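Here is the structure we will look at, set down as structure tokens.
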Amino acid sequence: MLPVFLLALVPVTVFADTSGSIAVTLTYTNGDTADYWPVSLKIYQDSTQTPYKVIESITGNPFNIVALPINHQYKIVAYANSMYSSVTYVNLQQSHQDVTINLPLPGGMRINAFYNDGVTPIVNATVYVRAAQDNKTWGHSPTNANGDSLRFWIEPTTAPDDHYIVDVHIGNHLVYSDSPVYLRPGIGQEIKITTNWPPVVNSLVTVKVLNVQSHPVTSSDGKFSVSLYDSIGNKITDSPVTSRGEAYFSNLKVGDYTLKVTKTDDNSEWATASITENGLLTTFQILPTLKTPVTNSSSPVTVPPIVPPTITPVPPVSKPPMPTCNCVAFRLDNIQDYWLDNIQIKVIDSFDSKDAGITVGTIGKAFGNDSKLVGYLESKAQTGNIDIAINGWSFEDFTTFTKDQQSQLLQESKAKISSLLGISPSVFMPPYEKTNDDTFYAMVDDNIRIISSSSTLKIPQNLTEKIQSYPTSVFSGVLSQSTNQSMLNGKIMSSVQDSMQNNGYAIVAISFQDFAQSNGTVKINAPDIEKIQNLQSLIDSIRNKGYQITTINKISSSFKTPAPWASSTQQWLQDKTPTSEYLKTVKSMLNSTSSPDFTTIPSWVKHNARLQSSGAISDDEFLNAIKYLVEIHVIS
């Protein structure tokens with residue numbers, strides 16, 4: 001019998017290719033190919049909140065994301081310089097798909113570093129710009145003779161919580177950090193950083209030279225001299241050590257120094273120490289450097305380490321209050337015929353209806369034929385709340401023209417505004433924020449005495465008494481983005497308060513386009529009511545902080561030196577000082593040491609404080625009111 005063979009037929013499973021790829025092309029919103037080196041990607045699958053794939057740094061543009069299972073929905077989030085940049089969605093139904101992600105244009109951030117007077121630039125500092133989200137540094141450079149860094153073109157801050165931190169370094173040990181720093185897309189922006197370091201240490205710096213018993217050296221120890229060297233080893237000066245064992249130095253700048261103590265009897269080195277002067281330290285103690293004697297030629301020489309100085313901190317000397325107008329001015333640029341004129345009117349009316357000031361920059365050649373807009377501005381300009389500024393003749397770059405040509409452009413703009421609105425403008429808002437020396441001379445020729453740009457301008461020395469510069473310190477372009485408005489208003493308020501502290505005033509730039517509705521493609525001539533209401537809320541918030549809302553033209557006349565108690569009153573008004581502490585200020589306001597300690601003050605007194613802070617009542621009126629409330633025991 002023939003053997004029977006049974007063949008088991010096992011089916012072979014064929015695995016189909018179920019993964020695919022997505023090629024991402026990055027472009028800027030203007031259509032240019034985007035730089036890819038600072039870009040990272042997070043890819044989310046379907047509705048999951050955890051990234052399916054994270055690409056820390058893409059290596060090209062386009063960039064192919066591989067090994068993605070098909071038949072899934074993917075959300076691709078792009079980050080640049082650690083900031084949120086853009087997002088797109090892909091329904092991957094095939095093995096490969098192409099997608100384009102539009103990134104906002106980078107913003108140009110240049111740091112202007114100053115000492116605490118806000119005027120003296122910090123030269124040869126090192127500036128670092130890092131992302132608050134992950135602490136990565138995205139740019140650094142030294143500062144020049146004007147305190148300016150290089151301009152860093154990096155990702156703008158478009159998400160509510162995104163911001164940068166700027167660190168200013170002097171030497172190896174002094175660091176001043178400023179945050180939050182926000183950056184707008186597509187334009188150059190000047191970031192003024194006013195540190196807490198003085199330009200010169202006014203206090204006398206004392207170096208106490210000690211002997212091995214840690215006592216001040218005396219004549220029995222010998223005669224001594226202390227040499228002061230800068231951080232790169234250049235000798236600055238010498239100071240003899242007095243009979244009290246002390247040497248003295250004055251007019252030092254903050255930074256790193258080396259002190260070398262020499263025994264002048266035999267010119268031997270007594271001690272060496274490295275110190276850091278931060279503006280607060282006035283006393284340093286130095287012990288002698290001891291060396292082990294050499295016993296024979298084969299014995300090693302042992303040199304103990306330098307004994308660090310003992311640093312005695314001294315409390316900072318309080319400075320007199322800085323002159324302030326305690327005022328905020330809003331500027332609205334690009335006023336022109338027909339284009340979104342309903343929005344232009346609605347934004348201006350938001351200020352006028354609240355009896356608040358606003359300065360509007362008018363483009364001369366593009367203004368005058370829109371009877372609705374012209375008639376509105378003509379009626380409102382007479383109230384004093386609306387100030388008309390020149391925003392160029394046809395929004396041209398003034399630096400491309402000669403001085404005479406610039407003067408002619410200003411003349412034409414000024415004459416047209418005067419003939420249409422019956423006022424003569426004295427404020428210039430340069431188009432593209434560009435100026436040169438010829439611009440200032442042209443302004444003087446045309447009797448235009450105020451300029452407002454996005455940065456601090458360098459006016460020729462012989463014109464500084466003829467032209468006043470009020471740079472914009474707060475940019476509210478973020479209002480146009482669909483994010484939490486109350487959070488953005490909070491950021492604007494924070495920037496206003498910073499500017500008030502540094503400059504004594506704040507100028508807020510707004511764009512009427514940001515308050516228009518969109519049909520999904522373009523802006524339409526209908527106001528976004530929610531954003532208008534948020535703008536009005538911002539106006540109220542500024543006033544509730546005790547600030548006056550005025551025009552740029554009125555800033556200079558509003559400056560005053562605050563009363564000694566004004567700062568404490570402002571802090572109490574803003575709930576930054578407890579009532580118990582403010583009552584001590586109330587006692588000092590009476591100029592009587594025999595006055596009792598106060599324990600009670602009605603909360604409604606803050607209304608009077610708000611009136612004083614905004615300029616509605618004078619310092620004397622507020623002070624007299626406080627005295628009266630004490631007399632009738634309302635404050636007790």
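Odds and ends about this structure:
- In a simple Cβ point-charge model (Lys, Arg +1; Asp, Glu -1; nothing else charged), the chain has a dipole of about 900 debye relative to its Cα centre.
- Solvent exposure of residue 419, expressed as accessible area, is near 90 Å², computed with a probe of 1.4 Å over the protein chains only.
- Linear extension gain, residue 621 paired with residue 603, 0.36 nm per residue minus alpha-carbon span: 4.6 nm
- Take every pair of alpha-carbon atoms less than 8 Å apart whose residues are at least six positions apart; their mean separation over the length of region 19-103 yields a relative contact order of 40 percent.
- Added length on full extension, which subtracts the Cα-Cα distance from 0.36 nm per residue, residue 342 to residue 243: 27.6 nm
- Under 26 Å from residue 260, Cα to Cα: lysines that are on another chain or at least 8 residues apart: 208, 223, 235, 291
- Remark: region 58-204 carries 43 Å² of accessible area per residue (probe radius 1.4 Å; ligands, DNA and RNA excluded).
- Cα-projected label distance for residue 172 with residue 411, points at 7 Å along beta-carbon direction, nm: 6.2
- Rounded if a/c under 1.5, otherwise prolate or oblate - region 565-632, Cα gyration tensor axes: oblate
- If the segment from residue 461 to residue 264 were pulled out straight at 0.36 nm per residue, it would be longer than the present Cα-Cα gap by 66.1 nm.
- Percentage relative contact order, the chain, counting C-alpha pairs under 8 Å, at least six apart: 9
- Per residue accessible area of region 395-472, 1.4 Å probe, in Å²: 45
- Among 567-573, 368-374, 488-494, the peptide with the highest mean count of other Cβ atoms within 10 Å heads the list, and the full ranking is 567-573, 488-494, 368-374.
- Computing FRET efficiency as 1/(1 + (r/R0)^6) for residue 64 and residue 120, where r is the C-beta to C-beta distance and R0 is 41 Å, gives about 0.20.
- Sorting the segments 578-591, 233-246 by their residues' average number of neighbouring beta-carbon atoms within 10 angstrom, most packed first, yields 578-591, 233-246.
- DSSP beta bridge pairing in region 19-103, given as percent antiparallel to the nearest 5: 75
- Here the calculated FRET efficiency for residue 33 and residue 355, from their Cβ-Cβ distance with R0 = 51 Å, stands at 0.55, rounded to the nearest 0.05.
- Phi to ³J(HN,Hα) by Karplus 6.51 cos²θ - 1.76 cosθ + 1.60 over region 57-68, Hz, x for Gly, Pro: 8, 6, 10, x, 9, x, 10, 9, 8, 10, 6, 10
- Accessible-area composition of the chain, carbon plus sulfur, in percent [1.4 Å probe]: 51
- Using just its DSSP H runs of length 4 or more, each adding -39500 (n - 2.57), the chain gives a mean residue ellipticity at 222 nm of -6500 deg cm²/dmol after division by all residues.
- Extending 7 Å from the Cα toward the beta-carbon at both residue 56 and residue 494 defines two label points whose distance is 2.9 nm.
- Model label sites at residue 71 and residue 581, defined 7 Å from Cα along the beta-carbon direction, differ in position by 6.5 nm.
- Every pair of different Cα atoms in the chain enters the Kirkwood calculation, which places the hydrodynamic radius at 29.8 Å.
- Solvent exposure of region 565-632, expressed per residue, is 54 Å² of accessible area, with all protein chains present and a 1.4 angstrom probe.
The values are calculated or read from the model by the stated rules, or taken from the named source; none is laboratory data. Predicted, not measured: the structure shown is a model, and the values here were computed from it. Every residue, glycine among them, receives a Cβ derived from its backbone with ideal geometry; neighbour counts consider all protein chains shown. These area figures cover heavy atoms from the full protein model, side chains too; ligands, DNA and RNA do not enter into them. Shrake-Rupley method; radii C 1.70, N 1.55, O 1.52, S 1.80 Å.
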